[in-house]
Amino acid sequence: MNPGRVAVDQMAEPGGEDLLKMYEIQATVVAADEQFRQRISSGEVSLVYYSPRGQEAISAALGAHLRPEDYLVTTYRGLHDQIAKGIPLPVLVAEYLGRTTGTCGGKGGPMHVTHAASGVMVTTGIVGGGLPIANGLALAAVLDDSPRVTVVCFGDGATNTGAFHEAVNLAAVWDLPVIFMCQNNQYGEHTAIARSMRVATVAERAAAYGIPAMRLDGNDAVAMWDGVGVAVNRARNGGGPTLIDALTYRFHGHILGEDLAYQPADERNAAIAADPVPAYRSRLIGQFGVNAIELAVIDRRVAAEVEEAFTLALAGPEPDISSLHTDVVAEVAL
Amino acid sequence: MARLRLAAAVNSALDVALGVDPDVFLLGEDISDPGGGVYNVTKGLSAKYGEHRVRDTPISESAIIGAATGAALAGKRPVAEIMIMDFLGVCLDQLANHAAKLRYMTGGQAHVPLVVRMSAGAGVQFGAQHSELLEAWLIHTPGLKVVMASTPAAAKGLLLSAIFDDDPVVFIEPTPLYFGGIKEEVPDGDVRIPLGQAHIAREGSRITLISYGLHVYTCLAAAEQLSQDGIEAEVIDLRSLVPLDTTTMLTSVAKTRRALVVHEAVGRAGFGAELSSLIHEELFNELIEPVRRVTGPNTPVPFAKKLESAFVPSADTVVAAARKLCGRHSRDPD
């Protein structure tokens, strides 16, 4: 895979705090993902699970740049984004497990996590469905003259939906402070990107709407940090929307447990061999002079936090049947 | 107080809402001045409140509903216009999968105080794709409220309630009333009519005619004819389909012991089937005759005037059906 990074002339580099924050986010995602996969595989818990493993570097860059009050819209493959935006692990895991202690009281589940306090406003199960809503969140900031920015994450498959094209066009026309973050993992469900679109890159679709785009190595947290920083600054300062085409790969297919015959095994194995998380760890030590002990401390802390989050989540009660009828509308029931 | 037709009454409600609450804004196709929308419903509002609050959009219905939903999530009170109800076909995902479900999916964290106004109905020869009444699609979607205007004063009062309601409300304006509807006295200012309250448009004792929107007028005209035969019909304007005022409807039917539901949407799985079932479940032993329905046939709306007229319920068809229901019967009181 050659991401052919373009569009950023002079690359900025993150400072020590952001470097470590990005490591911690990725380590947390890896640990949480591993727990979900193990517990699902063993039969301890049951949920439909869309692993984000392989795409962590993208969320790490978002986590480093976004402020708590900024908004995020993501998809059913959203665990990494939700962690990066700061949803506390115990309530996040509890929602994935359908517990009353979850962010949505167990009514949303893994495909519909919202945690307004962390700025995670919508997690959609509809491919492409989040983009038009992100525009509205961004429009509210314009109407309020607020510096808040909105990021919407989606996959390459979403860029073939009408919602993508309508939303990018409207964001362009209205100069909205929104960042369209395409986590381009090369597959829309089971169909390879080359069989789904005739243009070579998602990034070039931006030209049709007159907005800037970047094609970035989504497996390189440092490159992502640089590109996301440019896009966030642009949005925050009235420069309008950006489309980021972040090239990456998903290690565990569309849904955990599916037949991966549609994906060439050597392609997948090569992506796993180039796992961006250990690669980033080595780079922190080798290129940025981070002490390996410092990273080991983060690893241990993160593992303990994830373990504790699962323990707390599993101890949480399932929702009472009475809650079936609440939250349909403002009134109790109609 | 001014004598207004439907379009001017809706305009007055929008004017009041924009005036009293800075979080209210409008978006839709062609809604700004000088035209103020294809039916002039929003005329003068962009001149008065600015184009940032009365926003023209591209022809992008998904983007319109999505932007409205996102802005509502962020605390605004958007009023989106979908020019014609048939265009729901190109934005139903945003409305039904997102706006309608977000309160529930988020366990009550999110609410979507959104109004989607749309014109609807046959009678002006717009053909099959610009004439249909699709309220059953919306009523069947938990989380949406559905209101259909009949008289100008009711339209204003109901729309104001809809705008200040904390849930997504679809507000349907019968297209024929833009062109030739009655003028009536409409109160000035912020005078609201609560959702969920039916209106007894005419009192009667022998049969209850239940309708909404344009066909309240059809039923009133039928009631005048029936009166000449000595049959006094009670006419109920439901006004709000969700929430539904079952009390007013059932109280009337308990009194008259006969009910005829009249709507223009196709009969099969239409709202009339739901109303009929509700009445039978509650009043089976009171009824002299089974509830009957006068509805559009199970066809698309035709263009040719003669065919279109045959599609739309008329006072004559209502009279004929009512007479049949009011014929002598063994269960009739002497």
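Observations, loosely collected:
- Loop GluC sites (Glu not before Pro), the range B:248-284, which have at most 12 other Cβ atoms in a 10 Å radius of their Cβ (DSSP): none
- Beta bridges by DSSP in the protein assembly as shown, antiparallel share as percent, to the nearest 5: 15
- Counting only other chain Cβ atoms within 10 Å of each residue's Cβ, the peptide B:90-97 averages 3.
- Peptide packing: for B:91-103, B:124-136, the average count of neighbouring Cβ atoms within 10 Å per residue gives the ranking B:91-103, B:124-136, highest mean first.
- Sum of -39500 (n - 2.57) over DSSP H runs of 4+, divided by residues of the protein assembly as shown (222 nm, nearest 500): -11500 deg cm²/dmol
- For the range B:212-225, the Karplus equation 6.51 cos²θ - 1.76 cosθ + 1.60, evaluated at θ = phi - 60°, returns couplings of 7, x, 3, 7, 4, 5, 4, 5, 5, 5, 4, 4, 5, 5 Hz by residue, with Gly and Pro reported as x.
- Counting only other chain Cβ atoms within 10 Å of each residue's Cβ, the peptide A:121-134 averages 6.
- At the listed q of 0.06 Å⁻¹, the Debye profile of the protein assembly as shown, built from one uniform point per Cα, gives log10 I(q)/I(0) equal to -0.39.
- Packing-based ranking, highest mean first, of A:201-209, A:147-155 given that Cβ atoms within 10 Å are counted: A:147-155, A:201-209
- Amide H contacts under 5 Å for B:Val294, placed H, 5+ residues apart: B:Val261, B:Val262, B:His263
- Here's how it looks for B:Ile207: its modeled amide H is under 5 Å from those of B:Glu234, which are all 5 or more places away or on a different chain.
- Computed from the C-beta positions of A:Met11 and A:Asp145, the FRET efficiency with R₀ = 41 Å rounds to 0.80.
- Rounded to the nearest Hz, the phi-derived 3J(HN,Hα) couplings of the range B:76-90 under the Karplus curve 6.51 cos²θ - 1.76 cosθ + 1.60 (θ = phi - 60°) are 7, 10, x, 10, 8, 10, 9, 3, 9, 4, 4, 6, 3, x, 9, where x marks glycine and proline.
- The chymotrypsin sites (Phe, Trp or Tyr not before Pro) of the range B:214-299 that meet both conditions, a loop assignment by DSSP and at most 11 other Cβ atoms within 10 Å of the site Cβ, are B:Phe284.
- Descending semi-axes in whole angstrom, ellipsoid equivalent of the range A:22-96, from the Cα gyration tensor: 22, 13, 10
- Beta bridge orientation in the range A:16-310: antiparallel %, DSSP, nearest 5: 10
- Seen from a random direction on average, the alpha-carbon convex hull of the range B:205-321 projects onto 7.1 square nanometres.
- If the convex hull is drawn through the Cα atoms of chain A, its volume per residue in Å³: 141
- Protection proxy ranking, peptides A:124-137, B:198-211, average beta carbon neighbours within 10 Å, highest first: A:124-137, B:198-211
- Neighbouring Cβ atoms from other chains, within 10 Å of the Cβ of residues in B:107-119, number 4 on average.
- Cα-Cα pairs of the range B:2-186 separated by more than 27 Å (percent): 19
- Global size of chain B as Cα Rg and Dmax, reported in angstrom: 19.8, 66
- Residue-wise HN-Hα couplings along the range A:38-43, as the Karplus relation 6.51 cos²θ - 1.76 cosθ + 1.60 with θ = phi - 60° gives them from phi, are 5, 6, 6, 4, 7, x Hz; Gly and Pro carry x.
Each value in this text was obtained by applying a stated rule to the coordinates, not by laboratory testing. Since the structure is predicted, the reported quantities are computational estimates derived from the model, not experimental observations. Positions of Cβ are backbone-derived with ideal geometry, glycine not excepted, and every protein chain shown enters the neighbour counts.
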